[in-house]
Amino acid sequence: MNVWALGERASALIADGRPEAALPPLSRCAAAGAGWALLLRARAKAALGRPALAEADVTRAFDLDPDCGWIFGLSVGPLTVPCEGRRLYEENRSFHEQKGCYAPRAFHGKLAIMAGKIDEGLAHLDWAAKAAPKRPYLFSWRGEARRRLGDLAGARADARRALSLDPRYAVAWTTLAAVERQSGRPAAALEAARRAARCGPWYENAPLEAARACLALGDVRGALTWLERAARRSSRLGWRNLGEGASFPAPDPETLLRDAPWRGKLLAWCGESLVSRGEPARALEFLDAPHPFAPAWRGEARLALGDAAGAERDLKAAVRLAPRYARAWAALASARFDLGRLRPALAACDQALALEPDWAWALYQRGRVLGALGNKAAALSALDACLALDRRFEAALLERARLG
């Protein structure tokens with residue numbers, strides 16, 4: 001099957017006003033893993049008046065290939081457009097100027113913001129919001145961009161506009177929480193974060209924002225409770241995700257440290273925060289606390305100190321105690337790799353990815369283990385999947401370059 005020929009035929013059908021006929025060949029291209037085909041199929045669905053289905057294809061396209069916007073004239077550079085795709089690019093590049101391209105422009109803008117190109121991303125989101133003023137996510141994403149630029153009034157207005165369109169939109173509530181916290185209103189921030197957590201139980205940024213608000217209020221128990229909720233939703237998360245300036249407020253020994261369960265939580269998370277800050281030796285002073293994740297963090301600390309054998313012992317205990325804690329499995333893979341135990345390391349990687357398949361660190365671990373085992377094709381596949389999630393992952397870029 002020549003996907004490029006199928007794509008050109010589908011593109012001609014769309015240009016002839018026959019988008020329905022373009023769907024079957026584009027589905028075949030998409031099944032072959034072509035992100036650009038999903039974007040082209042989204043264009044056909046938009047022409048058929050199916051915006052929700054078109055947006056779903058756009059989401060899948062950028063998840064599959066963050067650079068697929070080249071087909072609509074987005075991110076075009078000397079290495080962006082494949083040689084075989086030149087005709088498709090010439091036929092579709094002007095679509096980014098048409099109203100139906102609001103979703104690809106918005107996703108491209110979001111990726112630009114994540115890459116630190118906030119002004120560029122905001123320009124795309126401005127255009128998308130004007131083209132489709134009834135889509136709440138466009139205002140939510142633009143609000144987050146404005147917040148990062150320091151425009152708190154504009155960010156608040158955008159978040160509230162998104163919520164007026166969809167009162168249960170968790171992402172907008174979370175942005176509003178961050179805006180209120182940055183505006184010096186931590187109580188309002190906590191309320192917005194609670195609303196976000198109720199509306200989006202899947203969304204780990206909501207409990208993280210609630211934990212930040214609790215820290216601003218000096219509420220140690222609240223901060224630890226929300227942080228643990230975030231870590232149970234996505235085990236890759238830890239103290240470092242609360243931000244550079246996050247620190248434990250001094251606990252009241254009469255109310256907190258007297259309570260044994262809370263003392264254990266506090267000590268364990270103090271240890272985890274020290275691991276995150278690159279102080280593994282100090283972290284070990286806290287990580288004998290009775291907490292289900294403490295052995296995993298103790299293993300990470302030993303690994304950072306070069307004690308791979310001790311780390312493996314702790315991490316094996318960790319996965320017995322908390323078998324669904326993907327972070328422990330990923331660290332166990334790293335310890336086994338350092339010990340030269342490649343097959344067991346690969347098994348630990350697979351366990352981590354079975355629990356959290358979109359974790360860039362675990363995909364990197366799998367790539368380097370497979371590379372050491374001599375399976376170059378599988379290693380490159382894992383590293384490419386890692387870099388699709390995080391294009392600035394330096395260790396993965398170096399490993400991929402080493403493998404060629």
Requested in this report: Scan the range 69-91 residue by residue and report those that are more than 15 Å from V58 (Cα to Cα) and buried (at least 21 other Cβ atoms within 10 Å of the Cβ).
Outcome: L88
**Report entry** Single residue of A10, A32 found to be farther than 12 Å from E91 by Cβ and small (G, A, S)
**Finding:** A32
Requested in this report: Output the number of residues of the range 270-313 satisfying the condition of being open to solvent by less than 30 Å² (accessible area, probe 1.4 Å), modelled with pLDDT of 95 or more, more than 26 Å from the chain's Cα centre (by Cα) and of a type in the set (A, V, I, L, M).
Outcome: 2
Requested in this report: Give the residue that is nearest to P167 (Cα to Cα), with candidates limited to residues of the range 194-221 that are open to solvent by 10 Å² or more (accessible area, probe 1.4 Å) and small (G, A, S).
Outcome: A197
Query raised in the report: Can you find a residue in the range 89-98 that is over 22 Å from A388 (Cβ atoms) and either within 22 Å of the chain's Cα centre (by Cα) or among the small types (G, A, S) (or both)?
Result: yes
Query raised in the report: In this structure, does L355 turn out to be over 22 Å from A230 (Cα atoms) and either aromatic (F, W, Y) or in contact (Cβ under 8 Å) with a residue 12 or more places away in the chain (or both)?
Result: no
Query raised in the report: How many residues are outside any helix (DSSP H, G or I), under 22 Å from the mean Cα position of the chain (by Cα) and over 25 Å from W359 (Cβ atoms) when one looks only at the range 39-72?
Result: 0
Query raised in the report: Conditions: (1) open to solvent by 30 Å² or more (accessible area, probe 1.4 Å); (2) part of a helix (DSSP H, G or I). A145 meets all but one. Number of the miss?
Result: (1)
**Report entry** All helices (runs of 4 or more DSSP H) inside the range 344-404 with 3 or more residues being closer than 16 Å to A331 by Cα
**Finding:** 360-372
Query raised in the report: Given the conditions (1) part of a helix (DSSP H, G or I); (2) open to solvent by 60 Å² or more (accessible area, probe 1.4 Å); (3) in contact (Cβ under 8 Å) with a residue 24 or more places away in the chain, which single one is not true for W173?
Result: (2)
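The values are calculated or read from the model by the stated rules, or taken from the named source; none is laboratory data. The structure presented is a predicted model; accordingly, all values stated were derived computationally and were not measured. All Cβ positions, even for glycine, are placed from backbone atoms using ideal geometry, and neighbour counts span all protein chains on display. Each accessible area value is taken on the protein alone, full model and side chains, heavy atoms only, with ligands, DNA and RNA left out. Shrake-Rupley method; radii C 1.70, N 1.55, O 1.52, S 1.80 Å.
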